[in-house]
Each structure stands twice: as C-alpha cells, then as structure tokens.
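The values are calculated or read from the model by the stated rules, or taken from the named source; none is laboratory data. Not measured: the values here are computed from a predicted model. Here the Cβ positions follow ideal geometry from the backbone for every residue, glycine too, while neighbour counts run over all protein chains shown. SASA here: full protein model, heavy atoms, side chains in, ligands and nucleic acids out. Shrake-Rupley method; radii C 1.70, N 1.55, O 1.52, S 1.80 Å.
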Amino acid sequence: ETSWFSNKVTVGDMQKAGGLLVNQYIIPWTSEGVEEGYNGDNRGGYSTLVDVELLDGTHKKILLDCGWNTKWIDECFAREGIDKMLDKKEIDMLYISHEHFDHYWGVESVLKHYPDIPVLIPKGFYKEGLDLLKGANFPVAKVKNDYPHTGKLEVRESGKVHPLFPGAASISFDSAIICRVTGEQGLVFNVKDKGLVAVTGCCHMGIISFLQEIKRRIKGGDKIFGIQGGLHISPFEDWDPQYDDLILALPEYGVEIIGCNHCTGYLTAEKMIKAGLPVVKGTARFKSKKTLFLGNGDVLKFC
C-alpha cells in the first residue's frame, strides 16, 4: 500500500528531473536519507493479492501489481506468505494495472520466485518497461531485474472488456498519466448474491469513469457492491474543489463497501467518511501512516 514514504520527496524527485511528464526511467529517485522511509529509502511499492473463490470451491489468485523497491517488497511478500505462494506457483497471474514505478518496478521480487508466471499488462507499455521484464537495468532510476520473464505475456487492447475466468473480467483504458505512462486496466468480479466488485491499481482513468464503464459494459453493472484499491483523487494531499464532485457522485452507485488505499489520499478518505460513504478503515501497521483506509497487511473480504 505504501508506494512511497514521503509525498514531498517523490514530487521533488520529479520536479528536479524536469517535471511530472519526464520519463520515469531517467529520474534519479531518492533511495537514502528519508527519515520516514524504509531504511532511509523513499521507494516503497503497491501490491495486492486478490484471492477469488469460485462457485465450485476452487480458488484463483491474482497478484495485482508488484511494488517498487525490491527490498521492501521482498519483506512484505515474506511477511504475508506471497513468496511461498509464488514458489509453489499457487498464484495464477501477475496483473499489472499500469507501468508506473511504484506498481511495476518490483517485478524482480515476483520473478525470482516464479519466472514463468503469466503476466498481463495494458497496451501502452514503453520499450523500457518491456525490457525491464526481460531483464534490463536502469541505473539512473535505480531499477533492475536480474530474473528475466520466461512465461506468457499478454498485452490487453485499450477500450475493451477482457474475460479472465468465470465471474471475472478486466477493462482496459487508454489513459495518459504522469511520468510518460500510458494505459491502465482494472478488474471486475461478480460476487454471488451481492453484485459486482471493482478492483483498481491507481484508477487514473477516474473512479467514476471506471464505474460507468462497468455499468455500461458488464452484465449486472446496475449493482456495484464494492470498490477496492487506489482511487487517485488526491494522492499528494493537494485538494482541488472539483474533487468534491466525485465525493458527491459516488453515493449514486449504491456501493456498500469502499476499501480504498494507496493513492486515494487521506484528505479524500476524511471527506468520504464525513459524507457517510462506507469506507473500510485500516490498522496502520507496517509503516502505513493512518487508520483512515486500508494499509499494509490488511485484509478485506467481499462476501
């Protein structure tokens, strides 16, 4: 959940390199001297294990994103048992929501355990991102992968619904994002007797746009039971009055559980809670800062 430990340092790194549109692979990201960081390192990373029980009682496991700083992600994976699941090939796929540093650059932490894991990415990855998967090293950005991917890679076309397995699908968007990143995809699950659950990485396409696409294109879209993941409303805690419209619009979808985290922003969570939205609070463990939303090591069930 903790993609980075200091907003100020992350924004500063981008600004020093030339601004928010600079290629992320040439930014010298801060890796030492940050008091609240991981051993002084500002780099963290976002990753979520999605465990789906099918109607026949079997399970499908999706690793949604793989973090950033491999030392931090290795520790998180070991703490939660993800490393053992990967070793045993119990995880069915690595699903990358988008190419951003904090969601993708920890891929070595996955591939060292399971080099041939099926990988799903949205259309729009740059050559650098594909090269990283193959084992490239970008010393300026302090990112490398010493375990080349040997399995199947699927690139999902933008603007389409892609079935994954019974009760699960993926929707891809042609989103232009900071740090020269393009394309993002999100997950949708049909929970028996409850409705649909939308699961996001960052949701740069906009949570309302995502929910509208679900309503328009997914069977049962009139009943969205839950949301989990980043909502990308105020990730750097810089509130814009137009965000208030998003808060006001969310209740119209009748969502019963909102498990937001990561780039949602604590200001957003505070405003959603004040507005009476069903935000699930976290435990603020393992360097998560507040209980306002789900954090590192927290578990959320939709059933």
Boolean, ASN23 is among the polar types (S, T, N, Q) and either open to solvent by less than 10 Å² (accessible area, probe 1.4 Å) or out of contact with any Lys or Arg (no Cβ under 6 Å at 6 or more places or on another chain) (or both)
no
On the basis of being free of Cβ contacts under 8 Å to residues at least 60 places away in the same chain, open to solvent by 20 Å² or more (accessible area, probe 1.4 Å), under 28 Å from GLU252 (Cβ atoms) and not charged (D, E, K, R), does VAL188 make the cut?
no
Residue by residue through the stretch 46-82, note down the ones that are open to solvent by less than 20 Å² (accessible area, probe 1.4 Å), charged (D, E, K, R) and in a helix (DSSP H, G or I).
none
Residue among ALA198, ALA249 that is small (Gly, Ala, Ser) and at pLDDT below 95
ALA249
Only one of HIS162, HIS204 that is closer than 30 Å to LEU132 by Cα and either in a loop (DSSP other than H, G, I, E, B) or touching a residue at least 40 places away in the same chain (Cβ under 8 Å) (or both):
HIS204
Suppose we filter the stretch 214-225 for residues that are touching a Lys or Arg at 6+ places or on another chain (Cβ under 8 Å) and small (Gly, Ala, Ser); how many remain?
1
Can you confirm whether VAL181 is in contact with a strand residue (DSSP E or B) (Cβ under 8 Å, 6 or more places away or on another chain), at pLDDT 95 or above and surrounded by 14 or more Cβ atoms within 10 Å (Cβ to Cβ)?
no
What's the number of the condition ILE233 fails, among (1) more than 20 Å from GLY44 (Cβ to Cβ); (2) touching a Phe, Trp or Tyr at 6+ places or on another chain (Cβ under 8 Å)?
(1)
Hey, can you tell me all the residues within the stretch 249-280 that are of a type outside the set (A, V, I, L, M, F, W, C), surrounded by 13 or more Cβ atoms within 10 Å (Cβ to Cβ) and closer than 22 Å to PHE189 by Cα?
PRO251, TYR253, GLU256, GLY259, ASN261, HIS262, THR264, PRO278
Can you find, within the stretch 165-177, the residue that is most open to solvent (accessible area, probe 1.4 Å) among those that are closer than 20 Å to TYR126 by Cβ and in contact (Cβ under 8 Å) with a residue 24 or more places away in the chain?
ASP174
